[in-house]
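Notes for the one structure printed next.
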Amino acid sequence: MSEQLPRNLWWVLAGITLVWGFNWTAMKVALAEVAPLTFRTFCLALGAGLLFAFLRAARQPLAIPREDWPRLVAIALFTITSWNVLVAYGVRLIPSGRAAILAYTMPAWAIPLSVWLLGERMTRRKLAGLALGMGAMALLLWDELAALRAAPVGSFLVLGGAFTWAIGTNLQKKYPVRAPVAAYTAWIMLIGGVPIYVAALLLDDWSALADLTLWPAAAVAYNVVFAFAWAHWAWIRLVTSASVATFSLAMLMIPVVGVFSGMFFLGERPGLTEFAALALVLGSLATVLVPARPAR
């Protein structure tokens, strides 16, 4: 696995950064009127349906080898089921920008796990990237510590989502599924959503959807098309093309976009803290985008 993100995937990283960064604000808007389980049911079922329809129209293969199904189910439970439920409930209790920051503490869990489970090397470059990235997250959270203490349940739910995402990412590397990226993405979204679909049917009040207003409906549509159907393909494309450390650090720009998008739509102005965090994240990104100099 490459220790730098290949140049041909930089556009994928840029796209997923914007789509998932803005999505933290979109989620907050959608969840104001849609129950979390119902919201995730729409996102996963319709997002997977769009991918399957595209693959079918393009005559792309959809089959998963029979012996790989247990791997697919295990990965889906961590990266799709657990992540989506924990984050959907957590983001209702804390500001969307701060939820994004907590969610992207994922590298702090994923990188040590990759050393233990996958035998990846912990180099000085990776340590520098992790230190810069987590320093940025700490800066962004500093002003909100009191608010987070006032809403510990929401904070712990999102942190739990970050931890399950880290586990699922490492499982994808340790137990790869032999299938094209797009087909794998569609299946993992569909399978991971099954417990959510069942829970939503049993627990949520679907009649409330009759009162759904324009912007929450638009936020749901944005999630289905961009944040799920496209961005999940992009995420799996990245995670299967680079080491866990490289992939994890490359994603750290997403919470910064999440914070700035929340400020933009709430009419707030970014301050010195936000710009300092942005500089640290850019430094962290440089450790995985800029090739290291060859040893003499």
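Each Cα pair under 8 Å and six or more residues apart adds its separation to the average, and for segment 39-163 the resulting relative contact order is 41 percent. Between Ala276 and Val225, the simple label model (points 7 Å from Cα in the Cβ direction) yields a spacing of 4.0 nm. Placing R0 at 41 angstrom, the Cβ-Cβ distance between Leu62 and Trp142 gives a FRET efficiency of 0.30 after rounding to 0.05. Here the spin labels are modelled as points 7 Å beyond Cα on the Cα-Cβ line, and at Leu212 and Trp11 they lie 3.2 nm apart. First measure r as the distance between the Cβ atoms of Val153 and Thr240, then evaluate 1/(1 + (r/R0)^6) with R0 = 45 Å and state the FRET efficiency to the nearest 0.05. Using R0 = 45 Å, I get an efficiency of 0.85.
Rounded to the nearest 20 debye, the dipole magnitude of the chain is 1140 debye, with +1 charges on Lys and Arg beta carbons, -1 on Asp and Glu beta carbons, and the Cα centre as origin. Solvent-accessible area per residue in the chain equals 46 Å², computed with a 1.4 angstrom probe and all protein chains kept. Taking mean projected area of the Cα convex hull in nm² straight from the coordinates, which label in (i) 13.8; (ii) 16.4; (iii) 21.4 is the correct one? Among (i) 13.8; (ii) 16.4; (iii) 21.4, the one calculated here is (ii).
With the cut-off at 1.5 for a/c, could you classify segment 1-78 from its C-alpha gyration tensor as rounded, prolate or oblate? Verdict is oblate for segment 1-78.
The values are calculated or read from the model by the stated rules, or taken from the named source; none is laboratory data. The structure displayed is predicted, hence computed values, not measured ones. Positions of Cβ are backbone-derived with ideal geometry, glycine not excepted, and every protein chain shown enters the neighbour counts. Surface areas here come from the heavy atoms of the whole protein model, side chains and all, with no ligands, DNA or RNA. Shrake-Rupley method; radii C 1.70, N 1.55, O 1.52, S 1.80 Å.
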